[in-house]
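The next block holds one structure in the form of structure tokens; read it before the comments.
What follows draws every value from the coordinates through simple rules; no lab data is involved. Remember, it's a predicted structure, so these values are computed and weren't measured experimentally. Positions of Cβ are generated from backbone atoms using ideal geometry, with glycine treated the same way; all protein chains shown enter the neighbour counts.
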């Protein structure tokens, strides 16, 4: 049985209200996906890729091949039972609704003001006209273990299990889907350095087995 891992998800920027969530999840529930779209010649003898005779020709072979940004999904459980047992006033009154609403806010468009502070566009605090609102998605940082990735939250699925007398949930399972922001940002570049180091360690392992 995998030991629960602590994850941290927070908005990269200045927002009102601040958007951050700490949670535990089972790392075996992470599903990471990398897809490649292949559009190459379909003439006889070259279906699925162009012909080649040496490694120097691989750039030509890969023409028409497009790599999509990595996506992944996780499932987390929000449970206020322990905090309720300790007499936590927020948990006793609101259960895990504050955590659920934080996740929902992370997936909603934001309006950025002149000072760079972001607020939920649904609050109507932006410009009066649509083109003045400058609505943007939240850039989030997802950290767990040795990995820190910049992401967009692309989906939130909510399944409530147990409720307080006021019908607010105090236990719920949340399915989250993300798309990694693959650009020259410090978080993604640092992850590539980590990935390269792990690849080098794999070569060492292979060498020891030979």
**Message:** If packing is taken as the average number of other Cβ atoms within 10 Å across a peptide's residues, how do 51-63, 97-109 rank, most packed first?
**Reply:** 97-109, 51-63
**Computed lengthening from residue 158 to residue 67, 0.36 nm per intervening residue step minus Cα-Cα distance** = 29.7 nm
**Segments 173-179, 86-92 sorted - mean Cβ within 10 Å per residue, highest first** = 173-179, 86-92
**Prompt:** Using the 10 angstrom Cβ neighbour count as an exposure proxy, how do 96, 204 rank, fewest first?
**Reply:** 204, 96
**Message:** For 5, 111, which order do you get if you count the other beta carbons within 10 Å of each Cβ and list the fewest first?
**Reply:** 5, 111
